[in-house]
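Below is one structure; the comments refer to it alone.
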Amino acid sequence: MGYVFLRSQDIQLHLFCDYRNNVKLYPEFQKYFTDSKVPILAAWGKDDPIFLLQVAEAFKKDTSSVVVQLYDGHFPLETNI
């Protein structure tokens with residue numbers, strides 16, 4: 001079986017194009033975070049005009065094992081490496 005490698009840009013585009021269905025899954029994501037206690041690292045753009053800081057802080061409602069790391073820009077992992 002072959003492997004398929006997707007670039008971050010391709011993954012983000014896919015998520016954006018199907019955002020309506022992704023939002024429907026949020027309660028499942030939140031339940032997983034709460035039940036599993038999986039550690040979360042939220043790398044977030046501190047002045048992001050689209051994904052507001054309050055959204056990153058909301059992870060703290062789902063689990064106590066979250067760290068919110070703030071960076072400049074909209075896509076902090078792509079622009080701050």
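Bear in mind these aren't lab numbers, they're just calculated from the coordinates by the rules spelled out. This structure is a prediction, so every number in the text was calculated from the model and none was measured. Note that we place each Cβ from the backbone using ideal geometry, even for glycine, and neighbour counts take in every protein chain shown.
Look at the stretch 37-65: where a residue is more than 21 Å from Val23 (Cβ to Cβ) and a partner is of a type in the set (Lys, Arg), sitting 6+ places away or on another chain with Cβ atoms under 9 Å, you get Ser64/Lys37; Ser65/Lys37.
Annotation: of all residues in the stretch 44-57 being assigned to a loop (DSSP other than H, G, I, E, B) and in contact with a helix residue (DSSP H, G or I) (Cβ under 9 Å, 6 or more places away or on another chain), the one that is nearest to Leu70 (Cα to Cα) is Lys46. For the stretch 60-81, residues that are over 28 Å from Asp35 (Cβ atoms), among the hydrophobic types (A, V, I, L, M, F, W, C) and surrounded by 12 or more Cβ atoms within 10 Å (Cβ to Cβ) total 1.
Restricted to helices (runs of 4 or more DSSP H) entirely inside the stretch 1-43, those with at least 3 residues that are of a type in the set (Ser, Thr, Tyr) and surrounded by 10 or more Cβ atoms within 10 Å (Cβ to Cβ) are 26-36. State yes or no: is Glu78 over 13 Å from the mean Cα position of the chain (by Cα), in contact (Cβ under 8 Å) with a residue 60 or more places away in the chain and part of a helix (DSSP H, G or I)? When the stated conditions are applied, Glu78 passes them.
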